[in-house]
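Here is the structure we will look at.
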Amino acid sequence: MMHVTLRSLGKLAIAAMFSMCLGGAHACAEDTAITIDNFTFSPAELTLKVGTTVTWTNHDDIPHTIVSAGKFRSKTLDTDNSFSFTFTAAGDYKYFCSLHPHMTGTIKVE
Amino acid sequence: MSEFDHDHNDHPGVSRRKVLECMTWAGTGVLWTISGGVPRSLGLVGSAQAAEPAGLTFLQISDSHVGFDKPANPNALGTLEEAIAKIRTMPMKPSFMIHTGDITHLSKAAEFDNADRIISQAKLDVHYVPGEHDFLDEEVKFYKDRYGKGSKGAGWYSFDANGVHFIGLVNVVDLKAGGLGNLGAEQLEWLEDDLKGKSKSTPIVVFAHIPLWTVYPQWGWGTEDGARALDYLKGYGSVTVLNGHIHQVMQKVEGNVTFHTARSTAFPQPTPGTAPSPGPMKVEDSKLRSMLGVASINFKQGTQPLAIIDTPLAG
């Protein structure tokens, strides 16, 4: 009985994923990665669909943060640590590293 | 062991060659001495010290980054220990030490504990200011719990020693996107107030983590509102600004103000513009200790020209 229930749940979950992707003709959001190398966000500018999850990964030997005022704020990312944020609303998101504020990036969510 | 004993003319006419010469030093710490309002810095060891400076002598260490274990220096705690051991062998005991921030690498309690355990072996009073690496714990309280007693705001304060007025500033909080280091309106107001009633002949030493003057904005090496702080210091006969953050020795003399940055005890960083980023610079193992160091400062009565000496952990 339990087995069947889990299976059904799994099917439901898959269905839910598909329905999200099919919600709009081209609205299927693919996850995106931004890397930090040499105190630089790469890519520094991105345009995404609503619902996209972005994962930042720090490859430097120095910790960094990802902060968008009033929107999101990562913990301190040591070497090879990551931070993810899902963009659920359209808009322009400017962000920076609060430790090295000359590091900036922009994400446009449509 | 090599040491550097550069005399600097204290007047605006200081030659470019001299300044550039000084910019090539690298070291463990600087021993400073103040005499008659004129700060001199002496080496940790060697001829300058043998001269037995009178007056106030203190030491600067910086950027110990305890917890750092990456290729540029897999044992930052070990090199801090070497720097402290060197300080203990000084024939002339300095009055106290200042630490210009980035005590730890990631603000972990264990990193602060280890830093304390090693630095306390110098058996000197230590006056700290925080670096951005000291405010990384979730509640941002480890630094203030340990070093913030009697300080204002994010940890700024002042004190007097031998007629010299010392001001510790914090320029690593509330940084703005696209900007540099930041003092903020509240701290600047406090500074203006702190200087009230100080006679213009009082020698002033300002210390903070990020350079107060603009060294290289492309790498964030400067303080957005540093010029406002320097405005308040106009008219004082002798102002010395001591910073860390850039892990290399740089010096500039501008009118009554001498700017100086100290080496890190942990790892070197590249000269501005010579690398893709200001990140830790990996050098040959045999070279590392020539690029780490401490600095010493001696303030003496008299009108000798300013001299600053930084001493590397090894030549």
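Read-outs: derived from the displayed coordinates by stated rules, not from any lab. Worth saying up front: this structure is predicted, and the values here are computed from it rather than measured. In this analysis, Cβ positions are derived from the backbone assuming ideal geometry, glycine residues included, and neighbour counts consider all displayed protein chains.
Compute the Rg/Rh shape ratio of the stretch A:25-86: radius of gyration over Kirkwood radius, all on alpha-carbon atoms.
So for the stretch A:25-86, dividing Rg by the Kirkwood Rh gives 0.99.
Once both labels are modelled 7 Å past Cα along the beta-carbon direction, what's the A:N81-A:H59 spacing in nm?
Between A:N81 and A:H59, the simple spin-label model gives 1.9 nm.
DSSP loop trypsin sites (Lys or Arg not before Pro) in the stretch B:66-128 with at most 14 other Cβ atoms within 10 Å of their Cβ, which ones?
B:K123
DSSP loop GluC sites (Glu not before Pro) in the stretch B:45-154 with at most 12 other Cβ atoms within 10 Å of their Cβ, which ones?
Answer by residue number: B:E138, B:E139.
Between B:D193 and B:V126, what is the FRET efficiency for a Förster distance of 30 Å, r being their Cβ-Cβ separation, to the nearest 0.05?
0.70
Explain nothing, just compute: Karplus ³J(HN,Hα) = 6.51 cos²θ - 1.76 cosθ + 1.60, θ = phi - 60°, for every residue of the stretch B:222-235 in order, whole Hz, x for Gly and Pro.
x, 10, 3, 10, x, 4, 5, 5, 5, 4, 5, 9, 5, x
From the cross-link list A:K49/A:K94; A:K71/B:K176; B:K176/B:K196; B:K70/B:K287; B:K152/B:K196, which pairs have alpha carbons spaced over 27 Å apart?
B:K176/B:K196
Can you list the residues, at least 5 places off or on another chain, whose amide H is less than 5 Å from the amide H of B:F96, using H built in the peptide plane?
B:L59
Would you list, by chain and number, the aspartates and glutamates whose Cα falls below 14 Å from the Cα of B:K282, excluding same-chain residues fewer than 8 positions away?
A:D60, A:D61, B:D69
Which whole-Hz ³J(HN,Hα) couplings does the stretch A:52-62 yield from phi under the Karplus relation 6.51 cos²θ - 1.76 cosθ + 1.60, θ = phi - 60°, glycine and proline marked x?
Each residue of the stretch A:52-62 in turn: 6, 9, 10, 10, 9, 10, 8, 9, 7, 7, 10 Hz.
Through the Karplus equation 6.51 cos²θ - 1.76 cosθ + 1.60, θ set to phi - 60°, convert the phi angles of the stretch B:153-163 into ³J(HN,Hα) values in whole Hz; use x for Gly and Pro.
Values per residue, Gly and Pro as x: x, 7, x, 8, 6, 9, 7, 10, 8, 6, x Hz.
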